[in-house]
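For reference, the structure discussed in these notes is given below.
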Amino acid sequence: MSAFTRRSFIGKTAVAIGSFAALQKVVGADRSKSDPGPANPALDGQNPDSIWPPDTDSKSLVQNFKYPFSFANKRTYEGGWSREVTIRELPVSKTLAGVNMRLTAGGVRELHWHTAGEWSLMLYGTARITAIDADGKSFVADVKKNDLWFFPSGIPHSIQGLNPDGCEFMLVFEDGEFSESETLLLSDAMAHLPPEVLSKNFGVGEQALKNVPKEELFIFQTDVPGGLEADQKAAAGALGKSPKDFAFRTMEMPPTKQTKGGNVRIVDSSNFKVSTTAMAMVTVHPGGMRELHWHPNADEWQYYITGKGRMTVVATGNKARTMDFQEGDVGYVQKTLLHYIENTGDTDLIFLEMFKSDRYQEFSFSEWLAHTPPELVMAHLKIDKATFDAIPKNGVSVTPLS
């Protein structure tokens, strides 16, 4: 029985039966490989590589690199909700933080700006985004599933759900300690300025501003906006439309790398000019694997969109740890650490790799070995020339190749 099949069988049997006797039949007579005490079968079934780690994991563990969004507390409003995973929830995640948000049709993430750059992927539905650039020129666009947007720090913007059912999206911020609760909101700004100051600033009487909200809106419900062109024209004003495009249509570009095992779409400042955050959207077909690799220039923040997978991270100091991932989980790999992501399910595994860098960089483990003098590699690994020659000569991103 293969390691993958055996591991899956152990996890499924533990959940389905949950008994000591059943586990003994699966893992053999070794009583050290039993767990007769209290357990959470649902969680154990989702995390077989934590319940029974592969022998290649070290006894001294790498820092935890997984946090499910299911554990994150939701801030709920009429018009939508928001939840976040920051360094508070996942201490290893020092460079990036994630916010998952849902807006109804007409629901508005109120006008605001951030102290960190905001990158986003649409997960569901459609939305209208608005902003002004550093020259005061307006930007209004509609985005759909798999589209991206990026707003640099200090750029004011808003998001609103459209018909028929609003939207859901993943926001990634260039600061592990970032929290949506510390955003600079229009409502907060207005509530904390003296009425006479607002009157002077806007050139209207104080009475005209008497109904300005006295507390934050954050997310609120209003009418679904009209046509895009009308909003673009109304927002343009005397300065006109911004020449910058803060949105990117991910699926309109061909895969950057593609094999029989899956594909990778890389988006960074080379093809999305405004972005200072790099991304790879990875699809791994059943039986495939995101090849062994590492990133020399930035930590990797992951979000699992669909499917099931497992990842081993090999760290310095002779340490390694394997963890399992599924839809809605966040993963994190520190800069330069070797890792892979294997599809352990029977459907496509799709996930994001995010980097606090304007350019995507990676080193392929196989490419490194293939471009090192053969005799040196053969001496290290105790392999013959035929085995060395079989190592892929170029980074393949996703295996199998054909």
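Of 98, 138, 127, which is farthest on the positive side of the dipole of region 60-150, counting Cα position, with +1 on Lys and Arg Cβ, -1 on Asp and Glu Cβ, and the Cα centre as origin? The residue sitting farthest along the positive end of the dipole is 98. With each label modelled as a point 7 angstrom along the Cα→C-beta vector, the residue 71-residue 238 pair spans 5.4 nm. The apolar share of the surface of the chain, taken as the fraction of accessible area on carbon and sulfur atoms (1.4 Å probe, ligands and nucleic acids excluded), comes to 55 percent. The residues of region 237-346 present an accessible area of 39 Å² per residue when probed at 1.4 Å with all protein chains retained. Here Rg and Dmax of the Cα atoms in Å was calculated from the structure, and among (i) 21.4, 72; (ii) 24.6, 85; (iii) 23.7, 82 it sits at label (ii). Distances between placed amide hydrogens fall under 5 Å for residue 145 paired with 125, all partners being 5 or more residues away or on another chain. The charge dipole of region 53-123, taken about the Cα centre with unit charges on the Cβ atoms of Lys, Arg (+1) and Asp, Glu (-1), comes to about 100 debye, rounded to the nearest 20.
Annotation for region 132-147 versus region 258-320: alpha-carbon center distance of 27 Å.
For residue 145 and residue 348 in the same chain, what is the full-extension length gain: residue separation times 0.36 nm, less their Cα-Cα distance, in nm?
Numbers: separation 203, 0.36 × 203 = 73.08 nm, distance 1.71 nm.
Taking 0.36 nm per residue and subtracting the Cα distance, the gain is 71.4 nm.
Of the residues 114, 276, 62, the one whose Cα sits farthest towards the positive end of the charge dipole of the chain is 62 (charges of +1 on Lys and Arg Cβ, -1 on Asp and Glu Cβ, taken about the Cα centre).
Please give me, ordered by residue number, the trypsin sites (Lys or Arg not before Pro) of region 189-218 that lie in loop per DSSP and have at most 12 other Cβ atoms within 10 Å. Of the trypsin sites (Lys or Arg not before Pro), the ones in loops of region 189-218 whose Cβ has at most 12 other Cβ atoms within 10 Å are 210, 214. In order along region 335-340, the phi-based Karplus estimate (6.51 cos²θ - 1.76 cosθ + 1.60, θ = phi - 60°) of 3J(HN,Hα) comes to 3, 6, 7, 6, 7, 9 Hz; Gly and Pro are listed as x.
Approximating the spin labels as points 7 Å out from Cα along Cα→Cβ, the residue 56-to-residue 381 distance works out to 1.2 nm.
Using the Karplus relation 6.51 cos²θ - 1.76 cosθ + 1.60 with θ = phi - 60°, the per-residue 3J(HN,Hα) values for region 324-333 come to 9, 9, 8, 3, x, 8, 9, x, 8, 10 Hz, with x marking Gly and Pro. One decimal place: the segment residue 207-residue 271 gains 18.2 nm when fully extended, by the rule 0.36 nm per residue minus the C-alpha distance. 3J(HN,Hα) couplings calculated from phi for region 122-138 with the Karplus curve 6.51 cos²θ - 1.76 cosθ + 1.60 (θ = phi - 60°) are, in sequence order, 6, 9, 6, x, 9, 8, 10, 10, 10, 6, 10, 7, 5, 9, x, 8, 8 Hz; Gly and Pro show x.
The values are calculated or read from the model by the stated rules, or taken from the named source; none is laboratory data. For clarity, every value in this text was computed on a predicted model and none was experimentally measured. Quick reminder, even Gly has a Cβ in these numbers, built from the backbone with ideal geometry, and neighbours come from all protein chains shown. All accessible areas refer to the heavy atoms of the entire protein, side chains included, with ligands and DNA or RNA removed. Shrake-Rupley method; radii C 1.70, N 1.55, O 1.52, S 1.80 Å.
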